[in-house]
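Working notes, beginning with the structure itself.
The values are calculated or read from the model by the stated rules, or taken from the named source; none is laboratory data. Predicted model only: the values in this text are computed from it and were never measured. Cβ sites come from the backbone with ideal geometry, for glycine too, and all protein chains shown count toward neighbours. Just the protein is used for accessible areas: all its heavy atoms, side chains included, with ligands, DNA and RNA removed. Shrake-Rupley method; radii C 1.70, N 1.55, O 1.52, S 1.80 Å.
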Amino acid sequence: MKTKYIMNGGLAFSEKKDIKKLEKLAAEGWLLEGLAWGGFCYKLVQGPAQDLIYTIDFQATPDSDYFDIFKSAGWRHITSSGQQIHIFAAPKGTPPIYSGNEIEEGKYQDFTVNLGKGALYSFLIMLVFMLLMYLSKSYYAFMYYPLFALTLISSMAFIFCFMPYLSYKFKAQAKQ
Amino acid sequence: MARKSALETGILNDSAFYILSTLLEEMHGYLIMKTIEEATDGSAIIGPASLYTTLKKLLDSGLIQRSKTDDETTKIYLITKKGKNILQQDINRKQRMIAFAENQIKQSTGDKHEN
């Protein structure tokens, strides 16, 4: 089976754009099978061309009822990321997963809170490593490079939480 | 801290209103969706994400409860006494809203005749 990978635009930044692209690819016979490379890419397999619609929902640790209800409504579960982000597909014309006047109210709410927590913790950890790194320079020079690496890793974790956090925060404010 | 659930103020959004009314009889999640769709001839469709999140909120604020007859795999829900009160309150509120609007329409068409 032919497989190809395309870049994930970062769901926090380009959810709608990514979905449009995936739907266009499905119509050309490239069907989304899952995420790959730690969620940075979409994995597509070649199959019959289909008029599909994709949707993304955020739900922290859903139970089995969650997937049952989606299945009953015609939405096929494709993949989940970190028990938080869930991708579904359905034939064109299936009613949307959010209905009524509460559309997407709170869809991002829990997720944003978790990202904010992640950003805060990784920031504090980064500060601790930075301080240790600074101290090691004069007392334990051999620890300097390992601590430098740890500072770098925690700063990356911080950026990967903080940037999407800001994006969702602004989205929520724009809606109000 | 979580803000006070809007449900407990007695103002229900459309999904919560339909779901709460449906749960006067105990029912499984999927059946709630089907029942509402069929009873309204498809004019009211509750999406699965709306259903799941609304059920969770209704459960958290004590307006519905898990039925004693359910098991872990299929959850069955039923309205609580508190839920019935809130539903009745919201029905009254909606009726007053409709009466007000209908009255306004009547008056405005009445005015036109006079002019």
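Annotation note: GluC sites (Glu not before Pro) in region A:34-118 located in DSSP loop regions with a Cβ neighbour count of at most 16 within 10 Å are A:E104, A:E105. Pairs over the 25 Å Cα-Cα cut-off, from the set A:K169/B:K57; A:K16/A:K71; A:K169/B:K84: A:K169/B:K84. Legend: calculated FRET efficiency, B:I11 to A:M130, from the Cβ-Cβ distance at R0 = 45 Å, rounded to 0.05, equals 0.35. Distance between the pseudo-spin-label points of B:N85 and B:T109 (7 Å out from Cα toward the beta carbon): 4.0 nm. Helices from chain A with mean Kyte-Doolittle at least 0.5 and a Cα length along the axis of 20 Å or more, per DSSP H: which? In chain A, the long hydrophobic H runs are A:109-139, A:144-175.
Checked against a 31 Å cut-off, the cross-linked pairs A:K43/B:K75; A:K117/B:K56; A:K117/B:K81 give Cα-Cα distances beyond that limit for A:K43/B:K75; A:K117/B:K81.
Note on A:E28 and A:F170: the model spin-label points, each 7 Å out from Cα along the C-beta direction, lie 3.0 nm apart. Alpha carbon centre of region A:121-173 versus region B:11-83: separation in Å? Region A:121-173 and region B:11-83 have Cα centres spaced 45 Å from each other.
Pairing chains B and A buries close to 1800 square angstrom of accessible surface in total, based on protein heavy atoms and a 1.4 angstrom probe. Using the Karplus relation 6.51 cos²θ - 1.76 cosθ + 1.60 with θ = phi - 60°, the per-residue 3J(HN,Hα) values for region A:73-89 come to 7, x, 9, 8, 6, 9, 6, 10, 10, x, 6, 10, 10, 10, 10, 10, 10 Hz, with x marking Gly and Pro. Short to long, the 5 Å bins of the Cα pair-distance histogram for region A:3-102 hold 3, 12, 23, 26, 20, 12, 3, 0 percent of all pairs. Roughly what % of Cα-Cα distances in the protein assembly as shown sit above 28 Å, to the whole percent? Roughly 54 percent, rounded to a whole number. In chain A, excluding the sites themselves, the longest stretch lacking any of the trypsin sites (Lys or Arg not before Pro) that are in a DSSP loop with at most 14 other Cβ atoms within 10 Å is A:3-91. Taking label points 7 Å from Cα along the Cα-to-Cβ direction, A:A49 and B:E25 give a separation of 4.6 nm.
Using C-alpha pairs below 8 Å separated by at least 6 residues, the relative contact order for chain A is 17 percent. Using the 1.4 Å probe convention, the accessible area of chain B works out to 63 Å² per residue with neighbouring protein chains retained.
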